[in-house]
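The values are calculated or read from the model by the stated rules, or taken from the named source; none is laboratory data. Keep in mind the model is a prediction, meaning the values are calculated, not measured. Don't worry about glycine lacking a Cβ; one is built from the backbone with ideal geometry, like all the others, and counts go over all protein chains shown. Protein only, heavy atoms only, side chains kept; ligands, DNA and RNA dropped before computing areas. Shrake-Rupley method; radii C 1.70, N 1.55, O 1.52, S 1.80 Å.
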Amino acid sequence: MRREVLFAGFGGQGIVLAGYVLGRAVAIHENRHAVLMQSYGPEARGGACSASVVTADEAIDYPYVRQATTIVLLSREAAAKFGSQAGPDCTVLYDEQLVPEPPTQGKCHGIPATRIAEQAGTRMAANVVMLGFLAGKTDVVGADALREAVLETVPKKFRELNEKAFAEGLAHASRSEVPA
């Protein structure tokens with residue numbers, strides 16, 4: 001089954017890293033296919049940034065998102081730019097603090113990802129909180145595979161912090177509605 005996931009926010013939030021980790025989880029830990037495409041502005045931090053990950057059980061013939069099954073929004077600007085791409089069956093995950101007006105289409109689920117990351121140790125882990133939330137709210141990837149990919153990807157000295165951030169995102173997903 002083909003899944004198309006779009007991560008969007010601004011540079012410095014770990015948008016591309018989140019896409020990479022998702023692709024790694026699917027390809028290495030679930031032995032399925034994954035393709036990552038990324039786009040970002042010329043600014044090192046603060047500019048628009050997006051990453052799209054296409055996953056499938058069979059070879060991927062077209063690596064671009066045609067109809068997103070999941071959209072992850074980490075900024076107001078990202079919601080304005082990509083929120084309209086959410087169809088009625090699309091799951092939209094967003095940071096409640098940074099996206100005050102989520103899209104009106106799709107199945108929207110908010111999480112205070114930045115606040116949870118700050119409580120875990122640093123706001124830089126908000127992308128990992130969102131990955132945990134994604135694992136709990138969608139069927140794109142299994143939570144164990146995604147957790148393992150996070151832990152392999154981050155530097156050793158940050159593993160404990162990121163494991164906590166992932167667990168908090170996953171727990172937040174289970175405290176709300178059933179996965180999409």
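The packing ranking, built from the mean of other Cβ atoms within 10 Å per residue, places the peptides 55-68, 153-166 in the order 153-166, 55-68, highest first. The range 1-29 and the range 151-174 have Cα centres lying 15 Å from one another. Pairwise inverse Cα distances across the range 1-97, averaged and inverted, put the Kirkwood hydrodynamic radius at 13.5 Å.
I need the phi-derived Karplus couplings for the range 57-65: 6.51 cos²θ - 1.76 cosθ + 1.60, θ = phi - 60°, integer Hz, Gly and Pro marked x. Working through the residues one at a time gives 7, 10, 3, 8, 8, 9, x, 9, 6 Hz.
Annotation: SER174 carries an accessible surface of approximately 90 Å², with a 1.4 Å probe and no ligand, DNA or RNA atoms counted. For the set SER176, SER52, the ranking by accessible area, highest first and with no ligand, DNA or RNA atoms included, is SER176, SER52 under a 1.4 Å probe. Note on the range 16-113: dipole from Cβ charges, positive end direction compared against TYR40, GLY110, SER84; the farthest Cα belongs to TYR40.
In a reduced charge model with +1 at each Lys and Arg Cβ and -1 at each Asp and Glu Cβ, the chain shows a dipole moment near 320 debye about its Cα centre.
Classify the chain as rounded, prolate or oblate from the Cα gyration tensor: take a ≥ b ≥ c as the square roots of its eigenvalues, call it rounded if a/c is under 1.5, otherwise prolate when a/b beats b/c and oblate if not. Here the chain falls in the rounded category. With the cut-off at 25 Å, tell me which of the pairs LYS81/LYS137; LYS107/LYS157; LYS137/LYS157 have Cα atoms farther apart than that. Over 25 Å apart, Cα to Cα: LYS107/LYS157; LYS137/LYS157.
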